[in-house]
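These notes are about the structure you will find just below.
The values are calculated or read from the model by the stated rules, or taken from the named source; none is laboratory data. The shown structure was predicted, so the numbers you read here are calculated from the model rather than taken from an experiment. Note: ideal-geometry Cβ built from the backbone for every residue, glycine included; neighbour counts use all protein chains shown.
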Amino acid sequence: MPRDENAFWDELGVSWRASISDPGLMSSRLEARLKLQAALLTTCTVAAAALGLLGSGLAGWTLWIGWTSHTWNFITRGVTLAAVSLLVIMASLALRTRNGIETRSLRDMLQASITRTERLIRAADLACCSIVILAVGGVTGYALRVSFSRPPSMSPVEDLLALSVAGLALVWFRQSQARALRKYRHVGRIFDQGNEAGSDC
């Protein structure tokens, strides 16, 4: 069966074809969506930056306690917090956005949607890495505490289950954003082809 390169293929192998029948309606909807998205991204950026800075301070304090008291599980905890805080700050930088770029034209709004979706995917990847680091650091700290002192009263199983749920949610979010990115890129190609066809007439 020949593959139509101009069609959008979903994960089930079904071919879809997009058409822009009312560019004005699409522009108004994209503009409203991008304004709401800009506000949410700005809030997430500020929150992530604040959380990263707070985590960095907590990591330094934990490392100092572990180093002065020779408590290896505290050192492991501090290193884990430092690594996660760095990833959170990187995610806040990835989520940075500028207001106003979506108000120029439909093509600019499509490009803004593509750029912001790519940033969300990047932030989701960093969040997944943070969860892996938290899981490894937690298990390592638990093992060190069991080896050098009495075991903690709580098992790490509950924490690992919570991290697993959060990881699955992030994977689902990333996949949904990846599908949205493919759709935005497809609509952008259709829009460009329509402009090229109009200019040739």
Only one residue in Ser85, Ser105 is polar (S, T, N, Q), farther than 23 Å from Gly167 by Cβ and out of contact with any Lys or Arg (no Cβ under 6 Å at 6 or more places or on another chain), so which one is that?
Ser105
Selection count, segment 23-36, where residues are modelled with pLDDT of 80 or more and surrounded by 12 or more Cβ atoms within 10 Å (Cβ to Cβ):
2
Inside segment 100-109, the number of residues satisfying the requirement of being among the basic types (Lys, Arg) and either in a helix (DSSP H, G or I) or touching a Phe, Trp or Tyr at 6+ places or on another chain (Cβ under 8 Å) (or both) is 1
Tell me yes or no: at least one residue of segment 9-17 is within 30 Å of Ala135 (Cβ to Cβ) and either at pLDDT below 75 or crowded, with 16+ Cβ neighbours inside 10 Å (or both).
yes
Selection count where residues are in a helix (DSSP H, G or I), without any contact (Cβ under 8 Å) to a residue 24 or more places away in the chain and not β-branched (Val, Ile, Thr), scope segment 110-157:
2
Hits in segment 63-116 (condition: at pLDDT 90 or above, of a type in the set (Gly, Ala, Ser) and farther than 30 Å from Ser28 by Cα):
Gly78, Ala82, Ala83, Ser85
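Looking only at segment 44-76, count every residue that is more than 17 Å from Arg119 (Cα to Cα) and within 24 Å of the chain's Cα centre (by Cα) and tell me the total.
Total satisfying the criteria: 10.
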Which one of the conditions (1) hydrophobic (A, V, I, L, M, F, W, C); (2) buried (at least 18 other Cβ atoms within 10 Å of the Cβ); (3) closer than 30 Å to His70 by Cβ does Ala123 fail to meet, given that it meets all the rest?
(3)
Whichever residue in segment 48-73 is of a type in the set (Gly, Ala, Ser) and in contact (Cβ under 8 Å) with a residue 40 or more places away in the chain and, among such residues, is surrounded by the fewest Cβ atoms within 10 Å (Cβ to Cβ)
Ala49
Quick one: which of Ser164, Ser176 is in a helix (DSSP H, G or I), under 20 Å from Arg116 (Cβ atoms) and either modelled with pLDDT of 90 or more or in contact with a Gly (Cβ under 8 Å, 6 or more places away or on another chain) (or both)?
Ser176
Residue under question is Ser92, and the condition is that it be free of Cβ contacts under 8 Å to residues at least 60 places away in the same chain, in contact with a Cys (Cβ under 9 Å, 6 or more places away or on another chain) and either surrounded by fewer than 13 Cβ atoms within 10 Å (Cβ to Cβ) or of a type outside the set (A, V, I, L, M) (or both); does it hold?
yes
I need the full set of residues from segment 74-89 which are over 17 Å from Ala124 (Cβ atoms) and surrounded by fewer than 21 Cβ atoms within 10 Å (Cβ to Cβ), in order please.
Ile75, Val79, Ala82, Ala83
Would you mind telling me which numbered condition in (1) surrounded by 14 or more Cβ atoms within 10 Å (Cβ to Cβ); (2) under 13 Å from the mean Cα position of the chain (by Cα) Ile190 fails?
(2)
